[in-house]
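Here's the structure we're looking at; comments come further down.
The values are calculated or read from the model by the stated rules, or taken from the named source; none is laboratory data. All values derive from a computational prediction rather than experimental measurement. All Cβ positions, glycine included, derive from the backbone under ideal geometry; neighbour counts span all protein chains shown. Ligands, DNA and RNA are stripped out before the accessible areas are found, and what is left, the full protein with its side chains, is counted by its heavy atoms. Shrake-Rupley method; radii C 1.70, N 1.55, O 1.52, S 1.80 Å.
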Amino acid sequence: MASVPGRDKYRSFLHDDADSVQWRHGGPPTYDAVNQLFEEGRTKEWPEGSLEETVQNAIKTWEMEISHKVRLQDIKSINPEKFKLIVNGREGLTGEETLKLGTYNALLKNSLPKEFQYYKVDEETFESSHEVFRSAFPRGFAWEVISVYSGPPLIAFKFRHWGIFQGPFKGHAPTGEKVEFFGLGTLKVTCSSLLYFSLEKQNKRRKKPWIVFLVDESLKVEDVEIYYDPGELFAGLLKGPPISESQTGDEDIAQCSAKTHGCPFQK
């Protein structure tokens with residue numbers, strides 16, 4: 001996507017009517033650090049205007065709005081009357097419920113007995129959940145579309161989520177390593193304009209039929225279904241050695257981590 005000065009390359013509605021929007025932290029967030037992480041670590045660079053790029057940016061926009069806007073009426077990327085977020089087959093959350101709970105808590109909620117829960121959603125708030133992952137991934141938690149299997153209105157896709165574990169997580173020291181997980185999802189959208197047409201593109205060996213989807217960039221999300229294995233995420237986050245609650249400074253954490261994994265804070 002072409003860059004417009006002062007605007008985020010991957011997220012819509014970040015600066016539109018910013019003064020009238022009620023932002024959770026007083027104003028629009030900045031994504032410079034995580035955008036850099038994304039561009040350095042992505043495995044796919046989709047053509048501008050492709051279905052894959054459109055889906056990828058639509059989900060980045062949806063996550064930004066849910067995480068940083070307070071009122072449902074300010075969220076332009078969803079259909080507020082129909083929206084549902086469904087994770088691993090659990091009961092769907094409405095837009096208001098997702099706003100209250102937060103995306104991290106929504107993704108990590110499960111029915112395991114307490115003693116087997118590495119992350120206890122019932123003990124976290126919206127703010128505390130985001131602080132946990134901001135601390136663990138100070139450069140951000142990047143997200144990309146790996147594949148898109150079907151076009152709108154019901155879009156099926158595969159995704160990858162990753163970050164560099166450079167801060168403490170729930171009593172575990174950082175390792176300085178990449179933590180990532182993969183998943184599948186569907187996105188049911190309302191398209192204000194949608195065209196399908198086919199064309200034949202000549203390659204070196206044969207004519208190959210292509211299906212091209214032209215979609216309105218402002219896809220309105222009706223529901224999101226996400227399926228993934230939380231064990232992939234926690235395997236990386238629990239890899240660091242245990243630390244006490246008093247070990248919160250960079251120096252203490254780095255010293256503890258260096259015993260087994262090397263110091264992630266050295267230049």
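With every protein chain left in place, what is the accessible area of Tyr31 in Å² (1.4 Å probe, nearest 10)?
Around 20 Å² of this residue is reachable by solvent.
Expressed as a rounded percentage, what relative contact order does region 19-166 have, with Cα pairs under 8 Å and six or more residues apart?
With pairs under 8 Å counted, the relative contact order is 24 percent.
Determine the alpha carbon to alpha carbon distance for each of Lys178/Lys220; Lys9/Lys188; Lys9/Lys44; Lys82/Lys170; Lys84/Lys120 and list only those over 26 Å.
Too far apart for the 26 Å limit: Lys178/Lys220; Lys82/Lys170.
Can you pull the one-decimal nm distance between simple spin-label points at Glu39 and Phe116, each 7 Å off the Cα toward Cβ?
4.4
Using a 1.4 Å probe on the protein heavy atoms, what percent of the accessible area of region 1-143 belongs to carbon and sulfur?
49
For region 15-121, state the average projected area of the convex hull of the C-alpha atoms over all orientations, rounded to one decimal in nm².
Averaged projected area of region 15-121's Cα convex hull equals 8.9 nm².
For Ile78, enumerate residues with amide H under 5 Å from its amide H, sequence gap 5+ or separate chain, H modeled in the peptide plane.
Long-range HN contacts for Ile78: Val221.
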